[in-house]
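One structure is given below, encoded as structure tokens.
The values are calculated or read from the model by the stated rules, or taken from the named source; none is laboratory data. These numbers were taken from a predicted model, which means no experiment stands behind them. All Cβ positions, glycine included, derive from the backbone under ideal geometry; neighbour counts span all protein chains shown. Keep in mind that these areas ignore ligands, DNA and RNA; they rest on the heavy atoms of the full protein, side chains included. Shrake-Rupley method; radii C 1.70, N 1.55, O 1.52, S 1.80 Å.
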Amino acid sequence: MERVRRVLVHFCKDGAAQPADFVQSITGHFSEGGEDEVEVGCSLERNRFILHRADAGRGVPLKRHAFCPIKHLSVTENAALPLDVQQRGVDVGVATILQTANQKVLLTRRAKELRIFPNIWVPPGGHLELDETLLDAGLRELQEETGLKLEPEEGSPNILGLWESVFPALLSRGLPQRHHIVVYLLLRSPLSHLELQASLSPSPAEVSACLWADRQLVSAVVSDPDGENHDLQRSVSVSQVSADGALSDSSLPLEAFLSRTAVSGPDVERVSSGTMFALKLWLRSLDDL
């Protein structure tokens with residue numbers, strides 16, 4: 001059997017770590033009543049991301065979307081998955097919620113040429129590589145995608161939460177091709193967003209725009225789209241990234257950040273569901289302070 005060269009999700013059972021199957025709902029494994037959010041413990045041991053049950057108030061939140069494709073995968077659809085997909089296991093990603101000294105967070109729009117979730121707003125992030133810590137991966141992805149370099153001793157890192165991510169996001173768009181647990185890692189920079197903006201140098205192959213989102217915008221993004229009418233300007237200032245990596249000031253309609261996953265047809269520019277989950281947790285962390 002070929003040696004797995006990726007960090008995969010494992011379950012802790014009877015004192016041993018067992019790899020999760022690609023078609024296994026990670027959230028569902030810990031859910032007794034079909035809930036879409038549970039609390040778990042997690043650890044990274046010998047290139048295995050191990051999840052286990054946690055006592056109430058002692059773990060971190062793990063969530064999936066109500067329409068998570070793995071949750072709704074039928075026996076027939078399961079059997080139709082290519083063998084190489086069935087044998088993938090569940091990968092691990094790390095996304096960095098970078099909080100500035102003046103309480104803004106960095107969001108990036110994925111390049112439209114990317115195969116997975118193109119044109120979607122997310123924090124900088126990517127796969128956890130072999131022999132990396134979660135912090136190592138978060139700092140590496142932050143630098144690779146945005147040019148921002150933080151030292152490991154900076155930031156007081158802590159895990160906000162875990163998101164079960166599946167692509168495509170809906171079964172109506174095709175059978176699952178990728179299954180991840182995304183670790184949202186909060187890092188607090190001692191610099192303001194203006195100081196960090198001066199060092200911002202995004203990779204145009206991965207990032208097409210950047211945004212420093214303040215608490216008011218984040219509150220609007222994560223709120224019920226049919227809820228209150230937020231007292232915000234109808235456009236949002238962003239930095240567009242050209243093909244050669246140059247930044248230019250621009251703006252986008254506020255609606256682009258309030259959109260939700262389209263239930264049919266092509267996807268739309270929006271903030272990813274996992275990012276909205278993480279941003280809610282970020283707002284909660286500010287309230288706790």
Here the residues within the stretch 268-281 that are open to solvent by 10 Å² or more (accessible area, probe 1.4 Å) and either under 15 Å from VAL222 (Cβ atoms) or in contact with a Pro (Cβ under 8 Å, 6 or more places away or on another chain) (or both) are SER272, SER273, MET276, PHE277, LYS280, LEU281
The residue that is farthest from GLU145 (Cα to Cα), considering only those in the stretch 74-87 that are open to solvent by 50 Å² or more (accessible area, probe 1.4 Å) and part of a loop (DSSP other than H, G, I, E, B), is PRO82
- Task: Scan the stretch 147-160 and give yes if some residue there is outside any loop (DSSP other than H, G, I, E, B), open to solvent by less than 50 Å² (accessible area, probe 1.4 Å), within 21 Å of VAL38 (Cβ to Cβ) and among the small types (Gly, Ala, Ser), otherwise no.
- Result: no
For the stretch 20-40, the count of residues that are part of a strand (DSSP E or B) and either out of contact with any strand residue (DSSP E or B) (no Cβ under 9 Å at 6 or more places or on another chain) or surrounded by fewer than 16 Cβ atoms within 10 Å (Cβ to Cβ) (or both) equals 1
If we keep only residues of the stretch 170-201 that are among the hydrophobic types (A, V, I, L, M, F, W, C) and assigned to a helix (DSSP H, G or I), then the residue nearest to LEU62 (Cα to Cα) is LEU171
Result of the Cβ filter at 6 Å on the stretch 128-143, keeping first residues that are at negative phi and partners that are open to solvent by less than 40 Å² (accessible area, probe 1.4 Å) and part of a helix (DSSP H, G or I), at least 6 apart or interchain, is LEU128/ALA137
Matching residues in the stretch 241-267 (of a type outside the set (Val, Ile, Thr) and open to solvent by less than 40 Å² (accessible area, probe 1.4 Å)) number 7
Selection from the stretch 202-226 of residues in contact with a strand residue (DSSP E or B) (Cβ under 8 Å, 6 or more places away or on another chain), open to solvent by 60 Å² or more (accessible area, probe 1.4 Å) and farther than 17 Å from ASN119 by Cα yields none
Of the listed residues (LEU98, LEU130), the one being open to solvent by 20 Å² or more (accessible area, probe 1.4 Å) and either among the hydroxyl-bearing types (Ser, Thr, Tyr) or not in a helix (DSSP H, G or I) (or both) is LEU130
Subject >> Residue within the stretch 169-186 that is free of Cβ contacts under 8 Å to residues at least 40 places away in the same chain, open to solvent by 50 Å² or more (accessible area, probe 1.4 Å) and touching a Leu at 6+ places or on another chain (Cβ under 9 Å) present >> reply: no
Of (1) at pLDDT below 95; (2) within 30 Å of SER248 (Cβ to Cβ); (3) outside any loop (DSSP other than H, G, I, E, B), GLN143 fails just (1)
Just to be sure before I move on: is SER208 touching a residue at least 40 places away in the same chain (Cβ under 8 Å), out of contact with any Pro (no Cβ under 8 Å at 6 or more places or on another chain), part of a loop (DSSP other than H, G, I, E, B) and under 25 Å from ALA111 (Cβ atoms) in the structure I sent? no
When every residue in the stretch 39-56 that is in contact (Cβ under 8 Å) with a residue 12 or more places away in the chain and more than 19 Å from VAL94 (Cα to Cα) is compared, the one farthest from the chain's Cα centre (by Cα) is ALA56
Taking the stretch 71-100 and keeping only residues that are touching a helix residue (DSSP H, G or I) at 6+ places or on another chain (Cβ under 8 Å) and either free of Cβ contacts under 8 Å to residues at least 24 places away in the same chain or closer than 30 Å to LEU135 by Cβ (or both), one is left with VAL90, VAL94, ALA95, THR96, ILE97, LEU98, GLN99, THR100
VAL236 fails exactly one of (1) of a type outside the set (Gly, Ala, Ser); (2) touching a residue at least 60 places away in the same chain (Cβ under 8 Å); (3) out of contact with any Asp or Glu (no Cβ under 6 Å at 6 or more places or on another chain); (4) outside any loop (DSSP other than H, G, I, E, B), namely (2)
